[in-house]
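The next block holds one structure in the form of structure tokens; read it before the comments.
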């Protein structure tokens, strides 16, 4: 198999798995226990906290362990609005469902939720955000890099606007951490969500960065673990793996960015040269280095996925978390895409384990598959369109 769905999940790194094994076998203690087994488990979790903090230039005390990106996002939103006496929340139209669904629930409970629009490249309207900001705004949540089209938002500018209006800023950085440099201190970010399995760590563990001085209410109550902000016995083995994955990501960040960017450029160039009636979606100027999101006009994206899978290639049309809802991409809808343009979309996301030969094989297969599908589904020229980026 050629795996090009790294935005959905990544293969666990061998060194990460090796680091976890002792905490699944011999070192099985509860971090809250005061005996030797417990102390060793606590020491391991604190080491991981330092490794994760180091990747984003945070203090270890600012890292809260969670079960993943979804919990981190829910904790950020609910934790702030339960603490801060404000009734307005601002987010964007292209957020992951892990932000949109909690916002929907909060709206039903009386909160005023504003959704900032985006342009045809998936970039938010800064002026619209500025107009929405008021003394009633409790939190602004804008994702760092979009999980479908890869567009990176102007986070520094957004943070500045928020802080000028005495508003807390959160970013869902699940797709960005470990793929691009992120310095929370330099950017001034208040809250940031991370997921382990997006950066070659285990599933079921993540973190929420909470800047010192930002006060949130706990969402999960119980025994008071994680400084009272997230009760429940820590998942030590997964936390250890998560920490190791962050350490590896930091040590290899420059090399990994260069590798993924090269593959991305080869992929985009080869697709454009060899397959007609195709567009690259999202920003070409401000984009995650591993993402290539295309529209193949006259072709159904799900048919593409099935055919590619038959050729031993794993890809997707968009967010894996939304696949069971069978709904059209809200991201592409917000970017102004027609039904036909959305239907023909395909997301290919490269990773550190991919190579140039795999990219060439993929495009060769894709060329034949698109041609085959178009031959049995009459291609309508009226769906032809171009974007100037």
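The values are calculated or read from the model by the stated rules, or taken from the named source; none is laboratory data. No experiment lies behind these values; they were computed from the predicted model shown. Here Cβ is always computed from backbone atoms with ideal geometry, including for glycine, and neighbour counts include all displayed protein chains.
Structure above, values below:
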item	result
Any hit, the stretch 153-160, residues being under 23 Å from the mean Cα position of the chain (by Cα) and under 22 Å from residue 333 (Cα atoms)	yes
Residue identified as assigned to a helix (DSSP H, G or I) and either under 30 Å from residue 5 (Cα atoms) or in contact (Cβ under 8 Å) with a residue 40 or more places away in the chain (or both) among 156, 127, 107	156
Subset of the stretch 31-45 [surrounded by 15 or more Cβ atoms within 10 Å (Cβ to Cβ) and either within 30 Å of residue 287 (Cβ to Cβ) or in contact with a helix residue (DSSP H, G or I) (Cβ under 7 Å, 6 or more places away or on another chain) (or both)]	31, 41, 44, 45
Residue 207 vs. criteria surrounded by fewer than 24 Cβ atoms within 10 Å (Cβ to Cβ) and at negative phi	no
Scope the stretch 221-267; condition more than 27 Å from residue 56 (Cα to Cα), in the same structural domain as residue 370 (by TED's automatic domain parsing) and surrounded by fewer than 17 Cβ atoms within 10 Å (Cβ to Cβ); matching residues	266
Qualifying residue in the stretch 185-194 (condition: surrounded by 14 or more Cβ atoms within 10 Å (Cβ to Cβ) and closer than 14 Å to residue 7 by Cα)	yes
Verdict on residue 43 being over 20 Å from the mean Cα position of the chain (by Cα) and modelled with pLDDT of 95 or more	yes
Unmet requirement for residue 99, which otherwise passes all of (1) more than 20 Å from the chain's Cα centre (by Cα); (2) part of a helix (DSSP H, G or I)	(1)
Qualifying residue in the stretch 321-342 (condition: within 19 Å of residue 371 (Cβ to Cβ), assigned to a loop (DSSP other than H, G, I, E, B) and touching a residue at least 40 places away in the same chain (Cβ under 8 Å))	no
Residues (closer than 14 Å to residue 45 by Cβ and assigned to a loop (DSSP other than H, G, I, E, B)) located in the stretch 15-29	27, 28, 29
Selection from the stretch 85-96 of residues that are under 27 Å from residue 147 (Cβ atoms) and either outside any loop (DSSP other than H, G, I, E, B) or at pLDDT below 95 (or both)	88, 89, 90, 91, 92
Residue that is in contact with a helix residue (DSSP H, G or I) (Cβ under 7 Å, 6 or more places away or on another chain), modelled with pLDDT under 95, surrounded by 18 or more Cβ atoms within 10 Å (Cβ to Cβ) and not assigned by TED's automatic domain parsing to the domain that holds residue 281, where the choices are 118, 81	81
